[in-house]
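Down below is the structure, laid out as structure tokens.
Readers should treat all values here as calculations from the given coordinates under stated rules, not as data from a laboratory. None of these values were measured; they are calculated from a predicted model. Cβ placement follows ideal geometry from the backbone for every residue including glycine, while neighbour counts extend to all protein chains displayed.
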Amino acid sequence: MPGQRANVLIVDDQPLARGWLGELLQSIGFEVREADRGDVAIRIWQEWKPQLILMDMRMPGMNGLEATRIIKAEANGKSPVIIALTASAMDVEREAIMRHDGPDDFLSKPCREGELLEKIRAHLNLDYRYADMQTASGVDGAVRAPGMSAAVLAELPANWIDQFRDAVLNGEKDRLDELIQRVEELDGRAARWLQEVADRYEYDVLARWFEEAAQTRTERQLERT
């Protein structure tokens, strides 16, 4: 958890996106509040003064960029750190977002947990206290589950792999838990590895595993033809 407790406001019109980010940050010691619109984010910032705002750029009504500019204008030099959350992969759009009193940084959606926590650490000058040395040394879930591999997951039904990828992409923890229960019927050890990583909200690790599994499955099918 952080060495110093920090307040974080998560702004996103998608409840699932807010939910997993909130659970992740609360699990490591942050105080978290949520907003589903830009105008609500401004009101919470005025009342609560969080040190950090994770701001989705595309929302109905007042979008994230408008809300960011208003907060920075009203902050009189005491603006919170604002990190933009954007699904766009276009450098031109990102550059436009960062200009003209825009956010201080940005993250691509879906967020990678390691990248998110590193940006928070750097911007807020925090130190994390880790529960074990594996996490402290930056060892990810793939290393902590040494038997897990793309080959193991590639044995799952193809539609399961697709469902896992969609659940990870959307941050649907409840759906992940349901799918992992299915896996337990076929491979209890793989299910335990998946549950361990899912419970740590290491969705970047899960995304990598299932992307590699899909590729492995495709390669096997090509070999058979």
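Please report E196, E178 as a ranked list, fewest other C-beta atoms within 10 angstrom at the top and most at the bottom. Each step should come with its number before you reach the end.
Numbers: E196 15, E178 12.
Least to most surrounded, the residues fall as E178, E196.
What are the ³J(HN,Hα) values, in whole Hz, obtained from phi via the Karplus relation 6.51 cos²θ - 1.76 cosθ + 1.60 with θ = phi - 60°, for each residue of segment 215-223 in sequence order, with x given for Gly and Pro?
3J(HN,Hα) across segment 215-223, in whole Hz: 5, 4, 5, 5, 5, 5, 5, 5, 5.
So for segment 138-224, averaging the separation of alpha carbon pairs under 8 Å that are six or more residues apart and normalising by length, what relative contact order in percent results?
Answer for segment 138-224 is 42 percent.
Averaging the inverse of every distinct alpha carbon separation and then flipping it gives the Kirkwood radius. What is it for segment 138-224, in angstrom units?
On the way: mean 1/r = 0.0781 Å⁻¹.
It works out to 12.8 Å.
Take the Cα gyration tensor of segment 7-124, multiply each eigenvalue by 5, square-root it, and list the three semi-axes largest first, rounded to whole angstrom. Could you put the intermediate results ahead of the total?
Numbers: eigenvalues 66, 58, 40 Å².
Ellipsoid semi-axes (Å, largest first): 18, 17, 14.
With +1 on each Lys and Arg Cβ and -1 on each Asp and Glu Cβ, how big is the dipole of segment 138-224 about its Cα centre, in debye rounded to the nearest 20? Walk me through the numbers on the way to the answer.
Working: 12 positive and 19 negative charges, 40 e Å.
The calculation lands at about 200 debye.
Which of L176, A151, L194 sits farthest toward the positive end of the charge dipole of segment 138-224, with +1 on the Cβ of Lys and Arg and -1 on the Cβ of Asp and Glu?
A151
When a footprinting reagent is the concern and you count Cβ atoms within 10 Å, what order do W209, W48, W193, W160 take, fewest first? Let's see the in-between values first.
On the way: W209 26, W48 12, W193 22, W160 16.
Listing W209, W48, W193, W160 from fewest to most nearby Cβ atoms yields W48, W160, W193, W209.
What is the order of M62, M55, fewest Cβ neighbours within 10 Å to most? Working shown, then result.
Numbers: M62 15, M55 29.
So the ranking, lowest neighbour count to highest, is M62, M55.
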